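Reading through the structure tokens given below for one structure.
The values are calculated or read from the model by the stated rules, or taken from the named source; none is laboratory data. All values reported here derive from a predicted model rather than from experimental measurement. Neighbour counts are summed over all protein chains in view; Cβ atoms, including those assigned to glycine, are modelled from backbone coordinates with ideal geometry.
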Amino acid sequence: MLAITTPYLWYTSRATGMVAMILFTLVVTLGTFVANRIGGTIVGRFEINELHRSLSIVAIVFLGLHILTTVVDSYVSTGLISAFIPMTSSYKRVPVALGAVAFDLILAVWVSSLLKLRIKNQTWRFIHWFSWLGVTTSLVHGFLTGSDARHGFGLILVGLCTLAVVSAALWRFLGRPARAAGRTALSPLAAAPAPRLNPKLTPSGPRRPGVPTSSGPFPRNPRPPQSKARR
Amino acid sequence: MIDATALPRLLHGPSGRPLTLEQHEALFVSQTPAQSIAAELQASGLTGRGGAAFPTWRKAEFIAGQRGHNKFMVVNAMEGEPGSHKDRTLLSANPHLVLDGAEILASLIGAKHIAICVARDNPTVVNHLKRAVHERERRSLRGPKLELHTPPWRYVAGEESALVHWLDDNESLPQYRAHRPHVLRISHNPAMVDNTETCANVGLIARFGADWFRKLGTAESPGTALVSLTGAVANQAVVEVPLGTPISTILARANADPRPQALLLGGYGGSWISGQHVDTPYANEFLRPLGATVGAGIMVVLPRSACGLVETQRIVQWMANESARQCGPCAFGLPSLAEDLTHLVRTTRDAEAVLRRLHERCGLIEGRGACHHPDGVVQLVRSALKVFADDLRQHMSGAPCAPSRSNQHVVKVPTLEHEEEQMWE
Amino acid sequence: MGVRRKSGGFVLKVNPILCDGYGHCAELAPDLVRTDEWGYPIVVAVPVPLSNLGALASARYAVRGCPRKAMHIERVADES
């Protein structure tokens, strides 16, 4: 593995990390805009969506640079493995581990979006929820690891990003658009257990045309409890 | 052999308990048909009895032409329609006839599995079927495997794609079909879904042949049909009649109101026809000009003492609640239809505007769901607005008819048991 | 250089189960899609000739821009 040590790598790492943090905050906020159906008058909804998609690519490029420069810089011994697998770095073990977790989550979201046409919509949605975890972990990682995040401008930036992500999250979860009532899936979990069958039950109901039935048109139709799970 | 013109055909046999396999075989003595069974089926012109009236032989031929080693034959006995009780009647009278037909269809398409689907809320029928399947399993080990499935009851759970979805993935939700004809699949294997009554008819055709089958019914709609009557009927009944029998005869056989105000045909997603058409023959080719079809063999008799608009409103409200809420136009559209109808029935304020909006919304919703659930409701609303036009004018002018003010209702609508389901009140 | 005339047409189709009424398609292909009062798309049902390149391009944008990937373009053969 290439290992160089020069302060410029460290500077690049710090700078790209910061930019990536800002960009991911923006991406998540824009994603909330899309999900909450914002836009349509001044800015089109599709434009927000396009911005969300393109900015995410830019953010991933910056994230890649951030990781690459950190790995290449031999001043701190953070190997390539540490970028993916948490708790493998000897330097700042826990904070770097958080960064690795965030990277993995963001990677999962990105890959699932690339495969969006191939995978089930529910799977994609489920994986996309990870972006909240990813961005939260990355903010914590930035605060704990960042050389600039403890004071002055850096601290303000981290604070603003955290504020933006928290408010976006609250808005996303509290103010989600009204969908009819979720889908009334009859999943095995939601459905009532099958009634125990009594083999001694005597048959009832009409046998022959014209012969009136003893029972009504629908003897019993208890409805299964409805699934309230939103999907 | 049963006499070709004798009735009943499908419900033939002594009343009481469902026929055992021995009784069934003694009663329906098998005859070797003149041609192959596929040819007999084609010659018989049997159409599906579940509602769509699609030629059964064509469906079988289509599925037979599909690749797949583990095809499924699905018998749909879900009876999602609250007004229907023909499937449980048939299965309580002679389950083996249905299973015969299912086995024949399975052999035609090359299916390895037969899945019989009954709503689990119907323990009596489930027990009859269990016994019948058990009797058959003791008889032989060859042939396709019989499986009994009991999905929960819901209106849309009986829709064929929802049923296949249940068998495939335990979710009773209709599926989107981009192209038609579309092959429904259970774990990648093609599945054919046929109604109980269709299967029983196939069982008869395979025994006695197409000529025998065509002795009753009209040239276009041969055979007999089971009609479930509810509403102004002395006792709710299922009658078996040859297709093409005048509706008045059917009413007479069921001891129903001979001069009804209107009739709901086809199901809760069917059409109202005026009571003056009571002499129309009961077959699709005669009912289509009136905008109705035989559908799933449901006939709701509306007496003159009832208000058709109020009944329609109740049905639409219930149907809106039965939507699977998968598609926006259905999930949002049907409740708004119900709302508009309630408005029209109860108040006169802005009645003209609401009526116009109702017509508009009907046009908007039609054909935009994954299944035909919304289309059926639109058809019901449209036919109600046409058939009960006079009542509607009265309601809109502020003089609603007397029955609409009482709480006595004719059409059976399952009660909404759960609070949270009445979200559109 | 002449534009090669393509025969046949296309229909923009929505999978109503996947659709959640984001409304992006109506913005991207306003000549093919409008929304109903609940925000769900109503798509032009008659086939549009493939020679209408503008409409085809906007249909492709709508397919690509759908957050639910609920749309697809279906080719229809010419009847004449």
Kindly indicate whether B:LEU173 is touching a Phe, Trp or Tyr at 6+ places or on another chain (Cβ under 8 Å) and either crowded, with 18+ Cβ neighbours inside 10 Å or in contact (Cβ under 8 Å) with a residue 12 or more places away in the chain (or both).
no
Using the structure shown, decide if B:THR249 is surrounded by fewer than 23 Cβ atoms within 10 Å (Cβ to Cβ), part of a loop (DSSP other than H, G, I, E, B) and not charged (D, E, K, R).
no
Extreme residue, modelled with the highest pLDDT, among residues of the stretch C:5-40 that are charged (D, E, K, R) and closer than 23 Å to B:ARG361 by Cβ:
C:LYS13
By residue number, the members of the stretch C:7-25 that are at the interface with chain B (Cβ under 7 Å from one of its Cβ atoms) and under 8 Å from the mean Cα position of the chain (by Cα) are C:LYS13
Only one residue in B:GLY223, B:GLY244, B:GLY217, B:GLY209 is within 17 Å of the chain's Cα centre (by Cα), on the phi > 0 side of the Ramachandran plot and either surrounded by 22 or more Cβ atoms within 10 Å (Cβ to Cβ) or more than 14 Å from chain A (Cβ to nearest Cβ) (or both), so which one is that?
B:GLY223
Of B:LEU99, B:LEU19, B:LEU41, B:LEU11, the only residue that is hydrophobic (A, V, I, L, M, F, W, C), buried (at least 19 other Cβ atoms within 10 Å of the Cβ) and under 18 Å from B:VAL227 (Cβ atoms) is B:LEU11
Please count how many residues of the stretch B:252-273 are surrounded by fewer than 24 Cβ atoms within 10 Å (Cβ to Cβ) and within 14 Å of another protein chain (Cβ to nearest Cβ).
3
Could you tell me whether B:LEU287 is in a helix (DSSP H, G or I) and either within 14 Å of chain A (Cβ to nearest Cβ) or crowded, with 24+ Cβ neighbours inside 10 Å (or both)?
no
Considering every residue within the stretch B:158-174, establish whether at least one is among the aliphatic types (A, V, I, L, M), modelled with pLDDT of 85 or more and closer than 19 Å to B:THR280 by Cβ.
no
Is at least one residue of the stretch B:148-165 crowded, with 20+ Cβ neighbours inside 10 Å, within 24 Å of B:THR32 (Cα to Cα) and within 14 Å of chain A (Cβ to nearest Cβ)?
no
Scan the stretch B:295-308 residue by residue and report those that are surrounded by fewer than 24 Cβ atoms within 10 Å (Cβ to Cβ) and either modelled with pLDDT of 90 or more or over 18 Å from B:THR249 (Cα atoms) (or both).
B:ARG304, B:SER305, B:ALA306
Note: among B:GLN66, B:GLN23, just one is in contact with a helix residue (DSSP H, G or I) (Cβ under 9 Å, 6 or more places away or on another chain), of a type in the set (S, T, N, Q), in contact (Cβ under 8 Å) with a residue 12 or more places away in the chain and farther than 30 Å from B:VAL411 by Cβ, namely B:GLN66
Tell me which strands (runs of 3 or more DSSP E) are completely within the stretch B:59-164 and hold 1 or more residues being within 17 Å of B:ASN201 (Cα to Cα), or say none if there are none.
B:71-77, B:111-118
With within 14 Å of chain A (Cβ to nearest Cβ) and not aliphatic (A, V, I, L, M) as the only criterion, which of B:SER44, B:SER84 stands out?
B:SER84
Inspect the stretch B:339-352 for any residue being modelled with pLDDT of 85 or more, within 13 Å of another protein chain (Cβ to nearest Cβ) and closer than 27 Å to C:ASP20 by Cβ and give the result as yes or no.
yes
Note: among A:ALA149, A:ALA102, A:ALA83, A:ALA97, just one is among the small types (Gly, Ala, Ser), closer than 19 Å to A:THR70 by Cα, under 13 Å from the mean Cα position of the chain (by Cα) and surrounded by 14 or more Cβ atoms within 10 Å (Cβ to Cβ), namely A:ALA102
Identify, please: which residue in the stretch B:291-337 is among the polar types (S, T, N, Q) and in a helix (DSSP H, G or I) and is, among those, farthest from B:PRO82 (Cα to Cα)?
B:SER336
Restricting the stretch B:226-236 to residues that are at the interface with chain A (Cβ under 9 Å from one of its Cβ atoms) and aliphatic (A, V, I, L, M), the one farthest from B:PHE286 (Cα to Cα) turns out to be B:ALA234
Matching option when the condition is more than 11 Å from every other protein chain (Cβ to nearest Cβ) and surrounded by 20 or more Cβ atoms within 10 Å (Cβ to Cβ), among C:ALA59, C:ALA77, C:ALA29
C:ALA59
Condition met for B:GLU171 (over 30 Å from B:GLU311 (Cα atoms), assigned to a loop (DSSP other than H, G, I, E, B) and within 11 Å of chain A (Cβ to nearest Cβ))
yes
